[in-house]
Amino acid sequence: PPGLYYYVKYVDNANRRLKLVDFDTANITCPRALHSFPLGNLPLSHSPLNSNLNFYYNCTHYPSSGVPPIECLSSGANRSFVFLMGNETEGFDCQEKGVVAGLKDQITSHDDGGLINEFAGAMNEGFLLDWQTTTNCAECEASNGTCGYSNTRKETLCFCKDGTTKSNTCQGIYV
């Protein structure tokens with residue numbers, strides 16, 4: 001069933017960045033996305049290399065001219081539209097709305113007509129999330145530990161080579 005399922009396309013440790021792709025929209029010529037990636041308590045942030053795409057689905061009222069619909073997502077008199085966040089037009093009455101991230105370099109056209117031809121490719125390429133190393137991680141890694149995060153405990157942990165888990169450092173552990 002559709003949901004919040006993503007796959008990791010790559011991890012760039014040097015720049016502390018990972019690329020995710022939504023399973024529901026991957027390799028689809030006319031994707032219909034309704035959700036953004038929920039960061040929740042994860043120690044991640046959306047990269048400044050992303051743009052937000054705003055989708056309006058099944059609109060019964062919309063501007064009569066100047067805004068091209070997404071034909072493959074329209075049904076009968078109901079139309080669907082996509083805009084770069086901040087470039088939306090007023091006057092829509094739609095059943096559903098969604099915001100998804102896409103890479104800025106995949107969206108080269110800033111007019112609405114060009115965006116209709118590019119949004120599927122941008123969504124298929126995914127989006128970037130950045131992470132930052134906390135001071136706890138620097139201490140941990142300096143002691144030959146592996147830094148991680150516990151969603152259960154909501155804290156950064158240090159995983160030591162002897163199999164123990166410490167809060168900051170593996171210092172004092174002899175391996």
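The values are calculated or read from the model by the stated rules, or taken from the named source; none is laboratory data. Keep in mind that what you see is a predicted model, and the values were worked out from it rather than measured. Ideal geometry is used to build each Cβ from the backbone, glycine not excepted, and the neighbour counts take in all protein chains shown. Accessible surface areas use protein heavy atoms only, side chains included; no ligands, DNA or RNA. Shrake-Rupley method; radii C 1.70, N 1.55, O 1.52, S 1.80 Å.
What the table below lists for this structure:
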item: Residue in segment 7-23 that is assigned to a loop (DSSP other than H, G, I, E, B), out of contact with any Phe, Trp or Tyr (no Cβ under 7 Å at 6 or more places or on another chain) and open to solvent by less than 60 Å² (accessible area, probe 1.4 Å) present; result: no
item: Residues of segment 28-51 classified as exposed (fewer than 14 other Cβ atoms within 10 Å of the Cβ) and polar (S, T, N, Q), total; result: 3
item: Search result, residues across segment 88-105 that are closer than 10 Å to L53 by Cβ and either charged (D, E, K, R) or out of contact with any Ser or Thr (no Cβ under 7 Å at 6 or more places or on another chain) (or both); result: G98
item: Which numbered condition G91 misses (of (1) on the phi < 0 side of the Ramachandran plot; (2) more than 25 Å from the chain's Cα centre (by Cα)); result: (1)
item: Matching residues in segment 52-69 - criterion: being under 19 Å from T25 (Cα atoms) and open to solvent by 50 Å² or more (accessible area, probe 1.4 Å); result: N52
item: Residue match in segment 95-108 (condition: open to solvent by 50 Å² or more (accessible area, probe 1.4 Å), in a loop (DSSP other than H, G, I, E, B) and modelled with pLDDT under 90); result: yes
item: Qualifying residue in segment 119-131 (condition: crowded, with 16+ Cβ neighbours inside 10 Å, at pLDDT 90 or above and more than 30 Å from N41 (Cβ to Cβ)); result: yes
item: Hits in segment 143-160 (condition: among the polar types (S, T, N, Q), free of Cβ contacts under 8 Å to residues at least 24 places away in the same chain and not in a loop (DSSP other than H, G, I, E, B)); result: T146, S150
item: Conditions (1) at pLDDT 90 or above; (2) within 30 Å of N15 (Cβ to Cβ): number failed by Y56; result: (2)
item: Pick from segment 26-63, criterion part of a loop (DSSP other than H, G, I, E, B) and of a type in the set (F, W, Y), ranking: nearest to the chain's Cα centre (by Cα); result: F37
item: Flag for C72 being open to solvent by less than 60 Å² (accessible area, probe 1.4 Å) and either in contact with a Cys (Cβ under 9 Å, 6 or more places away or on another chain) or in a loop (DSSP other than H, G, I, E, B) (or both); result: no
item: Criterion violated by S80 - all others in (1) at pLDDT 90 or above; (2) closer than 20 Å to N15 by Cα; (3) among the hydroxyl-bearing types (S, T, Y) satisfied; result: (2)
